[in-house]
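Got a structure for you, written out below as structure tokens; questions coming shortly.
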Amino acid sequence: MAKYRIDRTEPRDDGSGNVAWEVWALDDDDFVIPGRHTWIETPYDEAQEALDGPNVAEKIKTLLKKYFPDVGWSSNELDEIVANNENAQTVDQNIDDFVEGVGGYPVTITA
């Protein structure tokens, strides 16, 4: 299951009153999922509300998910990206094994 890592936050100084969160998506082994880095802006009052009371971590996660980009950041989408990357690595190794078995790179294929 994919995870989110917050590297830092900073207040915006553009008059919006937003707080910007630097967020990376991580795989099960805590490695960054390539291409899944973003800055998420949340209103200061909603960020403060998430900090108030119990279950702060869960409230922050809910707040960030509310403002995530529309595509590519759901748990299912991130898990699919990780699976696709793992499958590509496996097949790439299989190709390399085949090529090594026929003499190695470069390989010439007739048209």
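The values are calculated or read from the model by the stated rules, or taken from the named source; none is laboratory data. It should be emphasised that the depicted structure is a prediction, and the values quoted were computed from it without experimental measurement. Please note: Cβ atoms are built from the backbone with ideal geometry, for glycine as well, and neighbour counts cover all protein chains shown.
Give me the pairs: first residue in segment 1-21 and among the small types (Gly, Ala, Ser), second residue modelled with pLDDT of 95 or more and not in a strand (DSSP E or B), beta-carbon distance under 6 Å, and six or more apart or on different chains, which are they?
GLY17/TYR44; ALA20/ARG12
Let me ask another. Can you tell me which residue in segment 11-33 is modelled with the highest pLDDT, limited to those that are among the acidic types (Asp, Glu) and either in contact with a Pro (Cβ under 8 Å, 6 or more places away or on another chain) or surrounded by 12 or more Cβ atoms within 10 Å (Cβ to Cβ) (or both)? Please lay out each step first, then the result.
Start the filter on segment 11-33 by keeping residues that are among the acidic types (Asp, Glu), which leaves 13-14, 22, 27-30.
The next check asks that each one be either in contact with a Pro (Cβ under 8 Å, 6 or more places away or on another chain) or surrounded by 12 or more Cβ atoms within 10 Å (Cβ to Cβ) (or both); those that pass are 22, 27.
Numbers: GLU22: 97, ASP27: 90.
Residue satisfying both the conditions and the ranking: GLU22.
On the basis of being touching a strand residue (DSSP E or B) at 6+ places or on another chain (Cβ under 8 Å) and of a type in the set (Lys, Arg), does LYS65 make the cut?
no
I'd like to check which helices (runs of 4 or more DSSP H) are fully inside segment 1-108 and have at least 3 residues that are at negative phi and acidic (Asp, Glu).
44-51, 75-101
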